[in-house]
Amino acid sequence: MLLRKRGALDRSEALHQARAEGTFTAEHEAFWAMAQQQLGEIEGMKALEG
């Protein structure tokens, strides 16, 4: 999802839908939280996409 929808930040509709559908897993959530904390929101998203 995030590879096709670049820029899907925490408040985005695409990410909200992926969470609701279960395609953004607990592993994604953990990585996202760590990356956001260490790199900031934008750089953390880049790490999640890559």
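The values are calculated or read from the model by the stated rules, or taken from the named source; none is laboratory data. Everything numeric here is computed off the predicted structure, so don't read it as measured data. Quick reminder, even Gly has a Cβ in these numbers, built from the backbone with ideal geometry, and neighbours come from all protein chains shown. Only protein heavy atoms, including side chains, enter the accessible area calculation; ligands, DNA and RNA are left aside. Shrake-Rupley method; radii C 1.70, N 1.55, O 1.52, S 1.80 Å.
Of everything in the stretch 1-34, what is open to solvent by less than 60 Å² (accessible area, probe 1.4 Å) and modelled with pLDDT under 85? Give them in sequence order. I'd like the intermediate steps shown before the answer.
Here is the first cut: in the stretch 1-34, the residues open to solvent by less than 60 Å² (accessible area, probe 1.4 Å) are 2, 7-9, 12, 14-15, 18, 22, 24-25, 32-33.
The answer is LEU2, GLY7, ALA8, LEU9, SER12, ALA14, LEU15, TRP32.
Mind checking which residues of the stretch 14-24 are closer than 12 Å to LEU48 by Cβ and in a loop (DSSP other than H, G, I, E, B)?
Kept after step one, since they are closer than 12 Å to LEU48 by Cβ, are these residues of the stretch 14-24: 15, 18, 24.
Hit for the stretch 14-24 is PHE24, nothing else.
Could you please find all residues in the stretch 35-47 being open to solvent by less than 30 Å² (accessible area, probe 1.4 Å) and either under 12 Å from LEU15 (Cβ atoms) or assigned to a helix (DSSP H, G or I) (or both)?
Initially, the stretch 35-47 is screened for residues open to solvent by less than 30 Å² (accessible area, probe 1.4 Å), giving 35, 40, 44-45.
Hits for the stretch 35-47 are ALA35, GLY44, MET45.
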